[in-house]
Amino acid sequence: MFCIDQLNPNDILQIETLLDDCFGRNRHKKTAYRLRDDIPPLVELSFVVRIDGQVKASLQFWPVLIRGASSALDALLLGPIAVSRDCRGRGIGLKLMRHGLARARELGHKRVILVGDEAYYRKVGFCRNLARDLHMPGPVESERLLARELVPGAMKNAIGLISRIK
């Protein structure tokens, strides 16, 4: 059994260790990380899974903008999501994402983007088709850029460059 909790400052060291284990120490060079540099995650959308008092999974959301030719739309960037090796295959990541996405919708957010494998993230409603008109400021395999609407039709006019909130 596990419990999803709000991330607290005491979790940061365990989360960083977990992220290094899951994604490597060079993870900060990836485009999605550059969108997060020097911008704090949304505290109300930062979660951990604890098992026997240890952080075994984490999920954070970050504010971003989708900048089109004439307007900008706010969005959330999901990730990183990480599950410790000894807890994989138990549905923890999916439950954590469902929890985070439900909370984001409750808070009034409309759209979420991420970089990942569509076959996995489709299980929580993400798809490539909704992100076809989006681009990131750096190298990203286009088929891995996915989106999900938290409000029906929220991605209808989402066209342009995903950028940092200054």
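Before moving on, here are some points about what is shown:
- Index of the failed condition, residue 71 passing every other in (1) more than 15 Å from the chain's Cα centre (by Cα); (2) at pLDDT 95 or above; (3) among the small types (Gly, Ala, Ser): (2)
- Enumeration of residues in the range 121-142 that are part of a helix (DSSP H, G or I) and modelled with pLDDT of 95 or more: 121, 122, 123, 124, 129, 130, 131
- With a requirement of 2 or more residues that are within 19 Å of residue 102 (Cβ to Cβ), in contact (Cβ under 8 Å) with a residue 40 or more places away in the chain and β-branched (Val, Ile, Thr), the strands (runs of 3 or more DSSP E) lying completely within the range 1-85 that satisfy it span 46-51.
- Checking each residue in the range 149-166 for being more than 25 Å from residue 38 (Cα to Cα) and outside any loop (DSSP other than H, G, I, E, B) picks out only 149.
- Qualifying residues in the range 1-53 (those that are of a type in the set (Ser, Thr, Tyr) and within 21 Å of residue 76 (Cα to Cα)) - the one modelled with the highest pLDDT: 46
- Selection status of residue 103, of a type in the set (Lys, Arg), in contact with a helix residue (DSSP H, G or I) (Cβ under 9 Å, 6 or more places away or on another chain), within 20 Å of residue 32 (Cβ to Cβ) and not in a loop (DSSP other than H, G, I, E, B): no
- Checking 92, 4, 66, 113 one by one, the residue that is β-branched (Val, Ile, Thr) and either surrounded by fewer than 18 Cβ atoms within 10 Å (Cβ to Cβ) or in contact with a Cys (Cβ under 8 Å, 6 or more places away or on another chain) (or both) is 4 and no other.
- Residue check for residue 98: under 13 Å from the mean Cα position of the chain (by Cα), over 25 Å from residue 18 (Cα atoms) and of a type outside the set (A, V, I, L, M, F, W, C): no
The values are calculated or read from the model by the stated rules, or taken from the named source; none is laboratory data. Small disclaimer: the values here were computed from a predicted structure and weren't measured. All Cβ positions, even for glycine, are placed from backbone atoms using ideal geometry, and neighbour counts span all protein chains on display.
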